[in-house]
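Taken together, the values in this text are just the output of simple stated rules run on the coordinates, not laboratory data. These figures come from a predicted structure and were not determined experimentally. Don't worry about glycine lacking a Cβ; one is built from the backbone with ideal geometry, like all the others, and counts go over all protein chains shown.
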Amino acid sequence: MGQDILVVAELKDGQPKTAVRELLTAARRLADALGGQPRAVALGPGAASAAGELAAWGAASVLTADEAPSGGLRAVRVLAAAVAQIQPAAVLLSVNAFSRDVAARLAARTNGALASDCTGLNVAEGKLQVVRPVCAGRAILTAHPSAAGPLVATLRANSIGAEAPAAPGAGTVSALAVPADPADARVSLKETIATKSERPELTEAAVVVSGGRSLGSADAFKTIYELADAFGAAPGASRAAVDAGYAPHAMQVGQTGKTVSPALYVACGISGAIQHLAGMRTSKYIVAINKDPNAPIFKLADFGIVGDLFEVCPALTAEVKKAKTS
Ligand SMILES: Cc1cc2nc3c(=O)[nH]c(=O)nc-3n(C[C@H](O)[C@H](O)[C@H](O)COP(=O)(O)OP(=O)(O)OC[C@H]3O[C@@H](n4cnc5c(N)ncnc54)[C@H](O)[C@@H]3O)c2cc1C
């Protein structure tokens, strides 16, 4: 393996997803430290036209696979071909459903090492180093993964932040043609149902406002949506709220839901069970609103408000709106 860092650039509507900028920021820093180059592979329709944006964020070269995603096995085959061509020291993906499907397979296919759900990626003593929460976030592991193949790392959104490069990369573009293999059809993607929302994507949002079982109904969740909209935030929910049918599963934060790491996480009427904390404890600032002063969430919160969320949230919503217009 060489010293380059390969970013897997997922596309949405033909454009790199927001989190790709953060991956390229990490790739630039790692490649600088190792003496290699940040490179990207763009997957999906419109890949070639996304290359400009990837170069603007520092990619020295971009491989494009312009095919509609047809399932995880096919994606792994395409990514393994990119690895074979570039021989990177590491392959970076965002933490999401796609990487959960492909990252481990890619590591196995390329004789690499897998580090999932990282919150930090560094070079220490000349070697790649990963930082990741373990034991549901109660401990932080720092490790130097080592394998014959590349490190395949998934990075939690908002962990390191996106920083534009001083100068764009060369962004030379070449198409990656990978022959179809019938074996990949064992798993095929039947349909993607996109949720139409003006709100930011939960795993990428800079601010998340979540509600718990205490909301008591799906109707009452409008208290959460109003505060989220005032902040321009993504709404989230605890599992208890999802299980009760107050919010869709796509909003669940936690061990069996989504992992978020926003700059600000507002937990409204959420007790702070370990499984919920596992999905949000790396948020930069945590605000908890709970009427029980002994709720476990207050042990983790940077700011705590003891009170009834049905009074506190509307008051906060009004203040946030006021602050935005003043
Ligand atoms: C294997 C496993 C996986 C799990 N995965 C997840 C997961 O991914 N995500 C997750 O969230 N949970 C998960 N759980 C469930 C978890 O253990 C908790 O049951 C759940 O997080 C509790 O949700 P909650 O805080 O909304 O509800 P509760 O624990 O019932 O807490 C409600 C809180 O609201 C407060 N409250 C009540 N009324 C008000 C009010 N009017 N104003 C202000 N505060 C009020 C109460 O004081 C209380 O602290 C998992 C559990 C298991 C066993």
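General observations
- Greater than 27 Å apart at Cα, pairs in Lys222/Lys324; Lys299/Lys322; Lys190/Lys284; Lys258/Lys322: Lys299/Lys322; Lys190/Lys284; Lys258/Lys322
- Rounded to whole numbers, the Karplus 3J(HN,Hα) couplings from phi for segment 268-282 are 10, x, 10, 6, x, 5, 4, 5, 6, 4, 4, x, 9, 6, 8 Hz, using 6.51 cos²θ - 1.76 cosθ + 1.60 with θ = phi - 60°, and x at Gly and Pro.
- Taking amide hydrogens as placed 1.01 Å from N in the peptide plane, the amide H of Cys118 sits under 5 Å from those of Thr154, Leu155, Arg156, each at least 5 positions away in sequence or on another chain.
- In order along segment 309-323, the Karplus-derived 3J(HN,Hα) couplings, from 6.51 cos²θ - 1.76 cosθ + 1.60 at θ = phi - 60°, round to 4, 6, 9, 5, 4, x, 5, 5, 4, 4, 5, 5, 4, 4, 4 Hz, and Gly and Pro are given as x.
- Each residue, Ala180 and Ala194, gets one label point 7 Å from its Cα in the Cβ direction; the gap between the two is 2.4 nm.
- Near the amide H of Val173, within less than 5 Å, lie the amide hydrogens of Val62, all on another chain or at least 5 residues away, with H placed in the peptide plane.
- Rounded to the nearest 20, the size of the Cβ-charge dipole of segment 207-325 about its Cα centre is 300 debye, with Lys and Arg at +1 and Asp and Glu at -1.
- Anisotropy class of segment 1-85 from Cα gyration tensor, a/c 1.5 cut: oblate
- The charge dipole of the chain, taken about its Cα centre with unit charges on the Cβ of Lys, Arg, Asp and Glu (plus for the first two, minus for the last two), comes to roughly 460 debye.
- Long-range amide H partners of Gly211 with built H, under 5 Å: Gly236, Ala237, Ser238, Cys268
- Highest to lowest packing among 58-66, 180-188, scored as the average C-beta count within 10 Å: 58-66, 180-188
- Note on segment 1-143: Cα convex hull, mean projected area over all directions, 8.1 nm².
- Helix-only CD estimate at 222 nm, as mean residue ellipticity for the chain, using -39500 (n - 2.57) per DSSP H run (n ≥ 4): -8500 deg cm²/dmol
- Difference of contour (0.36 nm per residue) and Cα-Cα distance, Ile140 to Ala273: 46.0 nm
- The chain - Debye-derived log10 I(q)/I(0), Cα point model, q = 0.13 Å⁻¹: -0.96
- Bridge type composition, the chain - antiparallel percent by DSSP, nearest 5: 20 percent
- Globularity index of segment 220-326, i.e. its alpha-carbon radius of gyration over 2.2 N^0.38 Å: 1.00
- Note on Tyr285 and Ala108: with the Förster distance fixed at 45 Å, the Cβ-Cβ geometry gives a FRET efficiency of about 0.75.
- Karplus-based coupling profile of segment 114-126, in residue order and whole Hz: 9, 10, 9, 6, 6, 10, x, 9, 9, 10, 10, 6, x, with θ = phi - 60° in 6.51 cos²θ - 1.76 cosθ + 1.60 and x standing for Gly or Pro.
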